[in-house]
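Since the structure comes first, as structure tokens, the remarks are kept for the end.
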């Protein structure tokens, strides 16, 4: 298995999006077949990242919370059909069941506590929301019925607060703290001995990644991790530990002869309970604490992403092929799920540079950005990239950038459209064998000159 393509893709992302570091590990047939750290886990100290470097995994924690709930179901202590109101009084309706929280189908739109906490913690917003504990989050939720617009099961709303409530259910039913339950019943059983939740353990960790914000000038600003996020995104881990959890899921609940879940529980977690209102290369449905893509080269892809702004994460696996990936970083800016999809494509024996549409699109964007001129340079147009979009701007004092909406990208041809109130104007690009790029826009044919 040649992983030079993957290493090159990761290095490109590190450079282009200014990630301080990234750690990645690949699993095939119960064995870690590749693991590596890229870049600096701490820039000022020149400390390199390793496969054992710990990062906050953000919402990947939700898969652990879901697994804990399924354990309690297996023990007969709760049912997925139990009303949430039986365990936490902030939910008044008996219609909202435990499975609704697990699948984000409670009908409650995202209340935004985690977003507000992170932004206020790092001084990115004037809104201050010091939710230091799950109890603070529950207090913040108490007026949620003002935004309760849909019946349970009607539509999907990603709800961090729902997983905070699941953490409280775990505590009430088990009689121990959420963190203690996860450690005893999942982390310790899987041998995930470097994974933890608390600030005290973070400070003692001698292979932890320092979190960074990339400011508007592209500089790395060292910050402290935010604590106060729990069952919805507070676990710290590393790619080696995470693949132990992935291995257990691939093996239908078993890791090295230790069973943490029944086959039926894993099957339920991996079952699509609801379609997402959008699709990504790695997601079209949501299960119980897991995201699902039903057609990843004809196979089911299961996983979850995570972000707390200064840490990002992705874990994914293809059960049928027994392959998996874990990726962690100490900054944000590019979806690690796309790197995960790239790695899994290689593990499936395919070429991501030729077969992944988002890679082909990105490569095409790189070719199209530049300045275009027509006959004797009487008309000049610039194509720029901002995030995931291309913008076109005519070289005129009264011109402003307009978005180019992609319609078709294939080989040496790309079709975009400019949408106005009155029309949809096609903008075509042709790449010649010589490498020259030609744009046809309205009445003009222009050549890329720089």
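Every number in this text was worked out from the coordinates using simple rules, so none of it is lab data. Treat the numbers as computed from the prediction; the structure is a model and nothing was measured. Ideal geometry is used to build each Cβ from the backbone, glycine not excepted, and the neighbour counts take in all protein chains shown.
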query = In cubic angstrom, how much convex hull volume per residue do the alpha carbon atoms of the stretch 365-448 span?
reply = 99
ask   = Sorted by average packing, counted as other Cβ atoms within 10 angstrom per residue and highest first, what order do 426-437, 27-38 take?
value = 27-38, 426-437
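With a ≥ b ≥ c taken as the square roots of the eigenvalues of the C-alpha gyration tensor of the stretch 204-298, please select rounded if a/c is under 1.5 and otherwise prolate if a/b is larger than b/c or oblate if it is not?
Details: a/c = 2.41, a/b = 1.42, b/c = 1.69.
Here the stretch 204-298 falls in the oblate category.
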remark   = Taking Cα atoms, the helix 160-174 axis meets the longest principal axis of the chain at an angle in degrees (rounded to 10) of 20
task = Compare the peptides 8-21, 393-406 by average per-residue count of other Cβ atoms within 10 angstrom and give them in order, highest first.
result = 8-21, 393-406
ask   = So for the stretch 1-41, Kirkwood radius off the Cα pairs, Stokes-Einstein at 10 °C and 1.306 mPa s: how many µm² s⁻¹?
value = 144
key: Cβ-derived FRET efficiency at R0 45 Å, residue 380 paired with residue 258, nearest 0.05   = 0.10
request  = Between the alpha-carbon centers of the stretch 13-42 and the stretch 425-450, tell me the distance in whole angstrom.
outcome  = 38
query = If you average 1/r over every pair of different alpha-carbon atoms in the stretch 80-197 and take one over that average, what Kirkwood value in Å do you get?
reply = 15.4
ask   = Roughly what percent of Cα-Cα pairs across the stretch 348-389 reach past 16 Å?
value = 52
query = Could you give the length gained on full extension between residue 2 and residue 393, defined as 0.36 nm per residue of separation minus the Cα-Cα distance, in nm?
reply = 136.6 nm
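Please compute one quarter of the surface area of the Cα convex hull for the stretch 135-260 and express it in square nanometres. Could the numbers behind the result be given before it?
Details: hull surface 45.8 nm².
That works out to 11.5 nm².
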ask   = When the helices in the chain are scored as -39500 (n - 2.57) per DSSP H run of 4 or longer and the sum is shared across all residues, what 222 nm value do you end up with, to the nearest 500 deg cm²/dmol?
value = -8000 deg cm²/dmol
query = Relative contact order of the stretch 344-450: what whole-number percent is it, with Cα pairs under 8 angstrom and at least 6 residues apart?
reply = 19
remark   = For the chain, the longest principal axis of the Cα atoms and the Cα long axis of helix 4-17 enclose an angle in degrees, to the nearest 10, of 80
inquiry  = If I model a spin label at residue 422 and residue 79 as a point 7 Å from the Cα along the Cα→Cβ vector, what separation in nanometres do I get?
reply    = 6.4
query = How much space per residue, in cubic angstrom, does the convex hull of the C-alpha atoms of the chain take up?
reply = 169
Overall dimensions of the stretch 210-255 as given by Cα atoms, namely Rg and Dmax in Å = 16.0, 47
